[in-house]
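Throughout, read-outs are computed from the coordinates displayed, never taken from laboratory work. What you are looking at is a predicted structure, and each value in this text was computed from that prediction instead of being measured. Heads up, the Cβs are rebuilt from the backbone with ideal geometry, glycines too, and the neighbour counts pull from every protein chain shown.
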Amino acid sequence: MPVNSAKQALLRLREGNRRFASGEPSIDSQIHPSRRRDLIDGQMPFAIVLGCSDSRVPVELIFDQGLGELFVIRVAGNVVTPPGIGSVEFAAESFGVRLVVVLGHEQCGAVRAALDELRNPATSRSPNLRSITGRIRPTVEALTQLNDVDIDDALLRRAVRANVEASIDSLTAGSSFLSDLVARGDMLVVGAEYSLQTGEVTFHDENET
């Protein structure tokens, strides 16, 4: 399906995820030598996905997309860093990609680690690990003020969603190039969450379709 707009790109992702979740992935999404050869001289991805490094959330698979179709940035907790912002800018500027999806997932270990640190501050984690949880912590801290009990599934779900929305804010706030595209209506940035149980991706703003 040709992709000429952010909304068409979002529809393509939705359709791909429906195929994946139903256990009927498309033959076109498989890796073929001919497709690999077609991409030697360049790429033209139709969407950018900032996702978590969790091995259970392989972005191309859960959206049933093949080689050269998605520009994927993965980091634990789908946190936004300067290199991540630069990567999004690169894809938007170089390939004209106009859809960015920030993809979180249930039972995110990085988000849980940030919640754990609020209850029991860790002193043994490396500065590199703390740089990840430190980016998530301000977002989830407000949630724990309303919940003094142990971390449960409901709190973790709220924290995952809040972290996705915070990453969206950080992405646009950290780049005048991206924020200008969004302001002009030339780029769509949406949040989404992947269910480990069902394989389904739920987008935060259903009105964007």
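Numbers for the structure displayed
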quantity	calculated
For the chain, size of Cβ-based charge dipole, Lys and Arg +1, Asp and Glu -1, in debye	360 debye
Selected from LEU129, LEU156, LEU70 as most flexible by GNM, with the chain as the system and alpha-carbon contacts under 10 Å	LEU129
Chain lengthening between THR202 and ARG18 when straightened (0.36 nm per residue, less Cα-Cα)	65.2 nm
Added length on full extension, which subtracts the Cα-Cα distance from 0.36 nm per residue, LEU67 to ARG35	10.8 nm
Charge-dipole axis of the chain as Lys and Arg at +1 and Asp and Glu at -1 on Cβ define it, positive-most pick from LEU156, ASN120, SER5	ASN120
Antiparallel bridges, percent of DSSP beta bridges restricted to the chain (to nearest 5)	15 percent
Computed FRET value (nearest 0.05) for ALA142 with PHE177, which takes r as the C-beta separation and R₀ as 30 Å	0.55
Inter-site label distance for ARG157 and SER195 at 7 Å from Cα along Cβ, in nm	1.0 nm
Amide H within-cut-off set for LEU50, under 5 Å, with H built and near neighbours excluded	ILE73, VAL101, VAL102, LEU103
Dipole magnitude of the range 65-133 about its Cα centre (Cβ charges: Lys, Arg +1; Asp, Glu -1), debye to nearest 20	240 debye
Spin-label zone in the range 57-71 - amide nitrogen under 12 Å from a point set 7 Å from the Cα of GLN107 along the C-beta vector	57
Extension gain, ASP116 back to LEU11 (0.36 nm per residue minus Cα-Cα distance, nm)	34.1 nm
